[in-house]
Structure formats: structure tokens, C-alpha cells
Amino acid sequence: MTAEATAGTVVRTQPQIQSELMKSRVAAAMWFLVPMLVALAIVAGWPLLRTIYFSLTNTSLNNLYGGDFVGFKNYLSWTTLKSGRTVFSGLLVDPAWWNAVGNTLRFAVISVTLETVIGMIVALVLNAEFKGRGIVRAAILIPWAIPTIVSAKMWSWMLNDQFGIINDLFLNLGIISQKVAWTATADTAMTAVLIVDIWKTTPFMALLILAGLQMVPKDVYEAAKIDGVHPVKVFFKVTLPLVRPAVMVAVIFRLLDAMRIFDLIYVLTPNSKATKTMSVISRENLFDFDKFAYGSAQSTLLFLMIAVMTGLYIWLGKVRFDGGDR
Amino acid sequence: MTMDLWAITKRVAFYALVLFIVVVAVFPFYYAILTSFKSGTDLFRVSYWPTSFSLDNYAAVLNVGDFPRNVLNSIFVASVTVLLALFLAVTASFALSRVRFRGRGLILMTILAVSMFPQIAVLAGLFEVIRFLGIYNTPWALIFSYTIFTLPFTVWVLTTFMRDLPIEIEEAAIVDGATPWVIITRVFMPLMWPALVTTGLLAFIGAWNEFLFALTFTSSNATRTVPVAIALLSGGTQHEIPWGAIMAASVIVTVPLVILVLVFQRKIISGLTAGGVKG
């Protein structure tokens, strides 16, 4: 108490100097931020607004500036026939769109769930001490380093119905009785996509979970060992609750990423109705089918869905935005 | 005696699991390399070990078509994108991590939100801007559009990194009357090299692998980047897919990445977990 009081009287001019300094620092900070904010506004903000605007017009790809404002017609419109029957049309009653929504959600939920479970197993293995751990960690980084397009091509060769090694292996092991056209059959196309995505993304999950596992103090395990607690019980009662925050962050990031999947599906199972996702169908309408405005409406809806999910995450996760004490 | 047996079983099971993980992780890449060295009818005979060695596929990829050009395009686009993003991000993250001002939380939140953007949501609008600027079907269209994911990522990671540096290193410079610009270039930059290398490398990989924008904003073989070139590699007819050439191209673009990632292993893992943005 007294120490503070004396300090206050002795250096009375200090706050004044500091506030001058603060002012100039804040001014400099503003100038540092302007280029980045301008860049983001041009490449993200403005294009997003234009996409939303296009979704409310009848713009076509060949005549970007010739579209007329049509309101929400691309989303939903209706006409009443002479017979008195009302016919609805537009995105919200389009079965192809809802098929894509279903595919995207199914893909996102299944892939992220399996990646989390397998990632947890891999992370637990890497957290144990054994000879050759460095080699394993290096090995699991390889799928992560390979470009998505390349891994899609590698796997579509391995999954090839005639000459693929997967069919050969499964036939030899007796898992299948005849060759399967993995990527071309509607029943197996989604499985093929899931296999490749899980192969490619589990390493990322495993490394994030591993980082969480390494924060758990070692003496927790030692105490459990001395008390003779079964390892499985230790995992569920001690390890899992402690790494849950780290796992949750990873799950949310992956979920948001999986919602917008495009490249893997575009290359691995082109034109398959069973795997077509929201991003794939939007791009198709935008640039292949000359339904620019309709495609814009689809991408706007996907954006809204992801925006709501991100909002929920920021709200529920209480992400730290304060940036420390400086 | 029984205890020993149980311990041995557990050990064997553990190492079997380890072996399984390694084989599954590495096999597709190994098989691509194996395939890329096969030619002719050999290609269509399934084998698990190397049986023949031919460089035909590599010769085909490097001499026919625009593949070497595509590799150069990718290197140019990814390098310029990363340099641009790092330049904008260093100063911005200094402001966001070391200076207290109103609205800082809002800006950080916007940056995180942009990094979660579905790229498809800006595709139509970006297409219009790129057409307007007259850079459609040039590398600049890609450098321009890639900023949407490299910039938020680099700003976010560098802000986390700078936030954790002690204030003492700045104090001496402030007392000497150094301007923020001098503080960044003289005090922070030397300390930030490791972070810059890691962030730059991760952003480089992101730009190198990007597909949607590259597919949409380029239209001729000579301006395409590697992922699009590989995706669109086709044979003489629709049904004749040149698997050997595709695998050779895949190996050519993946080997440098895998080497980079293995060399910078530790840095990449810490960068991924600290920034934790995208995979």
C-alpha cells in the first residue's frame, strides 16, 4: 500500500510520458494494420459480398454485369397454376442440392469421427516410449505432406477395378470374392473418399492430440500405476478428460474443413451423385452449367452454414482474442 | 513365467500396431514410386516389390506437354504468395500482439473467421474481380486469390509467436527512442527467423497444393499449376488413362515436399500445433 503511494508521488510524470508513447505506438500499429486489412477486404470481403449479390440476380457467366435483381427467386419461387396448384422451384426445393447437403454432412461427420478415434490411437502409440519412435513420427507425416490431388490419384490407381492393388490384396486375403469398382459404384464411392481422406488427415489429428497428451504431467500416470489402476480406466478417467480441450479444437477445425471439401471428390469420384458435395455442386453450376446465379446461391448457403458453425465455435469455445497484456 | 509371456505378447502386439501404422502411412507413396518405374504391360501386372526399372514415364512427363512449365508456375506462384503474405503479416502481427488498442479482439476474430471461409463462397466474386483486373489465366490471378488463406494463417501464427516474446527485449529499444518500424526490423526480425521459416513453409505447402482456385482461374495448359496439371493429365483417348505418367508426375512433385517436411519435422509439428489452423 505505502510503497505504491510513494511510487505514485515520486514519478508523477511517468504516466504522461507513457501515454504519449502509447499514442504513437497505437498510431504506428494502425498504419501496420491497414495494408493487411485492405488486402483481406479485396480478396475476401468484397468477393463475398459480390457472391451474395449475384445469388439475388439472374447473372450469367458470359455477361457478369448484365444481370437483373430478382430477389430470392434463386432460393425459392412459386407460381400458382390455373388449376390452383402452387408449384415451387428454386434451391430450397432442389433434390440435387439436398442430396449434396446430405453427402457433405455424412462425409464430415464420419470422416472426422474416424479420424479422431484413429488419431487418438496413433497419438497414444507415439506418446509411449519405444525404439524407432522418430521413424514412426516421420512416416505418418508423409500422408500429410502429399498434395491432396496427388493422393487422390495415387489412391484411384490403387483402387482401380481392373489393375488395382487393393482388389488384388483383398481377393488374396479373401475379404472380397470378386473385383470391386470402388470409385465408380455408387455404394462404394463414399467409402473410397472416406478411406483417402482418413489416410491423409489422420496424421494432422494425431499430431494435435499428441501435443495435448504431452502436456499431461508424467506423475499423474505414475500415481495411477502405484495405486494399481487399470490402464484402460486411467485412459478414460484421467487422460481423456485432460486432453479433451485439445481434441475439441482439432475436431472443430477438421469439421469446418470437411464441410468445404472439393478437390479430393472432384478428382477421385468425378460426376458421382453418391459423393457430390456442396462445394462440388456449386462449382458445377457456376462454371460448367452456365447457372452462375444459381451456383452463387448455393455457395452463399454453404457460407451461411459454415458461418453459423464458426460463430457457435467462437462463442462456445471462448477463443482467446485479448492478445496478452501489451 | 506366465507374467513374462504376457509381457512378451503385449510387446509383440504393440510393435505389430506400430508396423501396421507405418506400412499404411507409407505404402501408397511407395506404390506410386514403384508404378512410376514400370512401363508397357508391366504397369498392369500387380506387384508388391520392384520388378522392373524403366525411366520411360519420367521421360514422357518431362519431354511431352507443359509439365516442366507447370512446375515452374507452381514454384513462382507459391513463392511470391508466401513472400507477400509474410511481408504483410510481420507488421500486422506486431500491431496485434504488442500494442494495446480498441478493436484488436474484433480484428483477430475477423482473421480467424476468414481462415475458416469456404473458398467456394468467394469464387464467384473473385472471378469477377480477376476478370476486372485483367489477370485471368495468369499466375497473378492465383497469387492474388491465394492471399485469402495464406494471409490469415501467417498473421494468426506470427501473432501467437510474438505475443509470447518477453517485453524486456523491447524496453531497451523504446528507451533509446526507437520507432516501431526499427523495433520490428532490428529487434524482432532476428528473433523471428525460426517462426518465419516454419510459417512460410506451411503457407508454401498450402499454396503449392491448392486446387479449386487454380482450376477456376487458369484455362490453358501453359498457365496451370502442378495439381491441376496432374488432375487433368489424360491419354490419347478418354478411356486410356496414362497411369505411369501420372505416377511419375506425382513422384516428381511430392519428393521435394516430403524431404522438406522430414527435414523441418520438429518445426512443422510445433507450427501446426501452435497455430493449429489448417492441415
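The values are calculated or read from the model by the stated rules, or taken from the named source; none is laboratory data. Being a predicted model, the structure only gives us computed values, none of them experimental. Every residue, glycine as well, gets a Cβ built from its backbone with ideal geometry; the counts of neighbours run over all protein chains shown. When the accessible area is computed, the model is the full protein with side chains, heavy atoms only, and any ligands, DNA or RNA have been set aside. Shrake-Rupley method; radii C 1.70, N 1.55, O 1.52, S 1.80 Å.
Please verify whether region A:234-249 includes one or more residues that are at the interface with another protein chain (Cβ under 10 Å from one of its Cβ atoms), more than 30 Å from A:Asn74 (Cα to Cα), assigned to a helix (DSSP H, G or I) and touching a helix residue (DSSP H, G or I) at 6+ places or on another chain (Cβ under 9 Å).
Of region A:234-249, the ones at the interface with another protein chain (Cβ under 10 Å from one of its Cβ atoms) are A:246, A:249.
Filter again for more than 30 Å from A:Asn74 (Cα to Cα), leaving A:246, A:249.
Next, from what is left, pick out any that are assigned to a helix (DSSP H, G or I): A:246, A:249.
Applying the additional criterion that residues be touching a helix residue (DSSP H, G or I) at 6+ places or on another chain (Cβ under 9 Å) yields A:246, A:249.
Yes, region A:234-249 has at least one match.
Out of the residues in region B:163-185 that are within 29 Å of the chain's Cα centre (by Cα) and in a helix (DSSP H, G or I), state the one that is surrounded by the most Cβ atoms within 10 Å (Cβ to Cβ). Here the residue is B:Ile184. For region A:270-311, the set of residues classified as more than 20 Å from the chain's Cα centre (by Cα) and not in a helix (DSSP H, G or I) consists of A:Pro270, A:Asn271, A:Ser272, A:Lys273, A:Ala274, A:Phe289, A:Asp290, A:Lys291, listed by residue number.
For region B:108-129, the tally of residues that are open to solvent by 30 Å² or more (accessible area, probe 1.4 Å) and either more than 7 Å from every other protein chain (Cβ to nearest Cβ) or of a type in the set (Ser, Thr, Tyr) (or both) stands at 1. Of the residues that make up region B:81-95, is at least one open to solvent by less than 10 Å² (accessible area, probe 1.4 Å), more than 7 Å from chain A (Cβ to nearest Cβ), within 30 Å of A:Gly295 (Cβ to Cβ) and touching a residue at least 40 places away in the same chain (Cβ under 8 Å)? Looking through region B:81-95, at least one residue is open to solvent by less than 10 Å² (accessible area, probe 1.4 Å), more than 7 Å from chain A (Cβ to nearest Cβ), within 30 Å of A:Gly295 (Cβ to Cβ) and touching a residue at least 40 places away in the same chain (Cβ under 8 Å).
Are any of the residues in region B:151-169 within 12 Å of another protein chain (Cβ to nearest Cβ) and in contact with an Asp or Glu (Cβ under 7 Å, 6 or more places away or on another chain)? Checking region B:151-169: not a single residue is within 12 Å of another protein chain (Cβ to nearest Cβ) and in contact with an Asp or Glu (Cβ under 7 Å, 6 or more places away or on another chain). Checking the stated criteria, B:Gly125 turns out not to satisfy the condition of being of a type in the set (Gly, Ala, Ser), assigned by TED's automatic domain parsing to the domain that holds B:Pro190, farther than 30 Å from B:Ala222 by Cα and assigned to a helix (DSSP H, G or I).
Before we move on, is A:Leu76 open to solvent by 70 Å² or more (accessible area, probe 1.4 Å) and either touching a strand residue (DSSP E or B) at 6+ places or on another chain (Cβ under 7 Å) or within 9 Å of another protein chain (Cβ to nearest Cβ) (or both)?
no
Apart from one condition, B:Phe53 fits all of (1) open to solvent by 20 Å² or more (accessible area, probe 1.4 Å); (2) under 27 Å from the mean Cα position of the chain (by Cα); the exception is (2). All conditions but one from (1) open to solvent by less than 10 Å² (accessible area, probe 1.4 Å); (2) at the interface with chain A (Cβ under 8 Å from one of its Cβ atoms); (3) modelled with pLDDT under 85 apply to B:Lys278; the one that does not is (1). The set of residues from region A:33-64 being under 30 Å from B:Glu170 (Cα atoms), surrounded by fewer than 21 Cβ atoms within 10 Å (Cβ to Cβ) and more than 25 Å from the chain's Cα centre (by Cα) comprises A:Val34, A:Pro35, A:Val38.
Any residue at all in region A:113-129 that is more than 30 Å from A:Lys291 (Cα to Cα), more than 20 Å from the chain's Cα centre (by Cα), in a loop (DSSP other than H, G, I, E, B) and not β-branched (Val, Ile, Thr)? Yes, region A:113-129 contains at least one residue that is more than 30 Å from A:Lys291 (Cα to Cα), more than 20 Å from the chain's Cα centre (by Cα), in a loop (DSSP other than H, G, I, E, B) and not β-branched (Val, Ile, Thr). Only one entry in A:Ser282, A:Ser272, A:Ser299 is away from every other protein chain (no Cβ under 11 Å) and either open to solvent by less than 20 Å² (accessible area, probe 1.4 Å) or of a type in the set (Gly, Ala, Ser) (or both), namely A:Ser272.
Given A:Thr188, A:Thr183, which one is more than 10 Å from chain B (Cβ to nearest Cβ), touching a Phe, Trp or Tyr at 6+ places or on another chain (Cβ under 6 Å) and open to solvent by less than 60 Å² (accessible area, probe 1.4 Å)?
A:Thr188
Within region A:152-180, restricting attention to residues that are facing chain B (nearest Cβ under 7 Å) and assigned to a helix (DSSP H, G or I), the residue that is farthest from B:Tyr30 (Cα to Cα) is A:Asp168. Residues in region B:248-270 that are more than 7 Å from chain A (Cβ to nearest Cβ) and either open to solvent by less than 10 Å² (accessible area, probe 1.4 Å) or not in a helix (DSSP H, G or I) (or both): B:Ala248, B:Ala249, B:Phe264, B:Ile268.
So that you can scan it fast, the table gives a plain yes or no per residue for (1) at pLDDT 90 or above; (2) more than 23 Å from A:Ile252 (Cα to Cα); (3) open to solvent by less than 20 Å² (accessible area, probe 1.4 Å); (4) acidic (Asp, Glu):
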| residue | (1), (2), (3), (4) |
| --- | --- |
| A:Val109 | yes, no, no, no |
| A:Gly119 | yes, no, yes, no |
| A:Pro143 | yes, no, yes, no |
| A:Lys153 | yes, yes, no, no |
| A:Leu169 | yes, yes, no, no |
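Residues considered: A:Leu194, A:Leu124, A:Leu92, A:Leu114. Of these, the only one that is closer than 20 Å to A:Leu256 by Cα and open to solvent by 60 Å² or more (accessible area, probe 1.4 Å) is A:Leu114.
Look through region B:186-227, keep the residues that are free of Cβ contacts under 8 Å to residues at least 24 places away in the same chain and among the hydrophobic types (A, V, I, L, M, F, W, C), and return whichever of them is surrounded by the fewest Cβ atoms within 10 Å (Cβ to Cβ). Only one residue tops the list, namely B:Trp193. Taking (1) part of a helix (DSSP H, G or I); (2) surrounded by fewer than 20 Cβ atoms within 10 Å (Cβ to Cβ) in turn, B:Arg100 satisfies each apart from (1). Scanning region A:130-150 for residues being small (Gly, Ala, Ser) and either more than 7 Å from chain B (Cβ to nearest Cβ) or assigned to a loop (DSSP other than H, G, I, E, B) (or both) gives a total of 2.
Residue count for region B:47-72 under the criterion of being within 14 Å of chain A (Cβ to nearest Cβ) and assigned to a helix (DSSP H, G or I): the result is 5. Figure legend. Inter-residue proximity from region B:23-37: first residues part of a helix (DSSP H, G or I), second residues of a type in the set (Ser, Thr, Tyr), beta-carbon distance below 6 Å, spacing 6+ or different chains. Indicated pairs: B:Ala32/B:Ser250.
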